[in-house]
Amino acid sequence: MNKIVKYILIGVLVLGALWAAVFFIKSNSKSAITYETSQPFVSSIEKKTVATGKVVPEDEIEIKPQISGIIEKIYLEEGAKVKAGDLIAVIKVVPNEQSLNQASGRVRNAELALNNAKIEYDRNKALFDKGVISNQDFNNLQLTYNQAQQELENARADYQIIRRGSAGGSSSANTNIRATVDGTILEIPVEEGDQVIQSNNFNDGTTIASIADLGKMIFEGKVDEGEVGKLKVGTPLKISLGAVEDVELDANLKFIAPKGIEETGAVQFKIEGDVEEKEDVFIRAGYSANASIVLEKKDSILVIPEAVLQFDKETDKPYVEVAVGSVEEQKFERRDIETGISDGINVEIISGLTKEDKVKHWNKTEPIKKGEDESETE
């Protein structure tokens, strides 16, 4: 009886050991990581770049004085709309003492010359009336007298220009600073009482005001040398403004700089685009902006997520792993592929895959079992 019980116990232990061995083998034969797959699909890809810059008026005019002096009065404010000829400011002239003294001396000399010419003219006119001198001699004396009068007028006018800035109170006087174009006053960088310098061949002069037409705005930005070769004049741009949310303006590329500028080790090229304004959006000069530019676009092409790509360490050529058999078997083989354009999310497949292929993903794993993370940290 004891032998029978003994054999039964041994049989139970053997069966238990066999069951445990089979369970262990099956458990360890399963893949530790379960990968998801996806299939290539048809879509469109746009390869874009973004140029940072700002929106500025197409033409900005700086108003500068034609005479040096002190700002006596400013009649307009920044933001005011003006027409060509509108008075902006008036300059009070502070004459140079030496120039003023020379002009005053010229007036006195002209007065002396005129008095002498008048005496000669009056004396010879009486002789001419009596027929003592010829008509030719009298005409010469009369010409000298007239020239002396004109010289005195010129000397007095020059004196007034040096002393007051103009020979009279006309609207075209140099002391009156007027708008030269229609537009909006963007800036008046001076104040009443400031000293200003005239614009001439040797000096740019002090800017009294800057005027621009805010109805004609352009985008000014820069693009990297690696992308400038793909741009063409006339390429459409999408302009987003930093100061105005949820607004996108259309623009057309009109200028690409022929020469680049090195900035922080990278060569940048200046670009410009005509901005198509919207009636309900007021654009201020100098708004920061980003221009989205489509460098390349393809429609109805076979694509896969760029995240599934792998690259050969030696050749740096792309490849993917494709499921062999059913997905549940988790068996994959390497497949070399040829890729095209990418938008950073999806990439074009030129060759190597079909719509039916199931491509392995690398970003899905089984949850870590309880206690595994603790043992690893220890």
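The values are calculated or read from the model by the stated rules, or taken from the named source; none is laboratory data. Remember, it's a predicted structure, so these values are computed and weren't measured experimentally. When we count neighbours, we look across all protein chains shown, and the Cβ atoms used for this are built from the backbone with ideal geometry, even at glycine. Surface accessibility is based on the protein's heavy atoms, side chains included, excluding ligands, DNA and RNA. Shrake-Rupley method; radii C 1.70, N 1.55, O 1.52, S 1.80 Å.
Some values worked out for this structure:
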quantity	calculated
Subset tally (residues that are touching a Phe, Trp or Tyr at 6+ places or on another chain (Cβ under 9 Å) and buried (at least 16 other Cβ atoms within 10 Å of the Cβ)) for region 228-243	5
Wholly enclosed strands (runs of 3 or more DSSP E) of region 153-228 bearing at least 3 residues modelled with pLDDT under 90 and of a type in the set (Gly, Ala, Ser)	none
Inter-residue pairs, beta-carbon under 8 Å, first within 21 Å of Arg284 (Cβ to Cβ) and in region 186-210, second exposed (fewer than 12 other Cβ atoms within 10 Å of the Cβ), 6+ apart	Ile188/Glu77
Residue in region 273-286 that is open to solvent by 30 Å² or more (accessible area, probe 1.4 Å), in contact with a strand residue (DSSP E or B) (Cβ under 8 Å, 6 or more places away or on another chain), charged (D, E, K, R) and farther than 30 Å from Ala80 by Cβ present	no
Elements of type strands (runs of 3 or more DSSP E) in region 1-85, at least 3 residues being modelled with pLDDT of 90 or more and either open to solvent by less than 50 Å² (accessible area, probe 1.4 Å) or over 30 Å from Thr206 (Cα atoms) (or both)	41-57
Tally, over region 333-362, of residues that are open to solvent by 70 Å² or more (accessible area, probe 1.4 Å), of a type in the set (A, V, I, L, M) and in contact with a Gly (Cβ under 8 Å, 6 or more places away or on another chain)	1
Criterion: modelled with pLDDT under 90 and more than 30 Å from Glu36 (Cα to Cα) - qualifying residue of Ile256, Ile283	Ile283
Residues within region 269-315 that are in a loop (DSSP other than H, G, I, E, B) and at positive phi, tallied	1
Ile304 within 43 Å of the chain's Cα centre (by Cα) and either at pLDDT below 85 or not polar (S, T, N, Q) (or both)	yes
Residue count, region 210-226 (criterion: crowded, with 22+ Cβ neighbours inside 10 Å and touching a Leu at 6+ places or on another chain (Cβ under 8 Å))	3
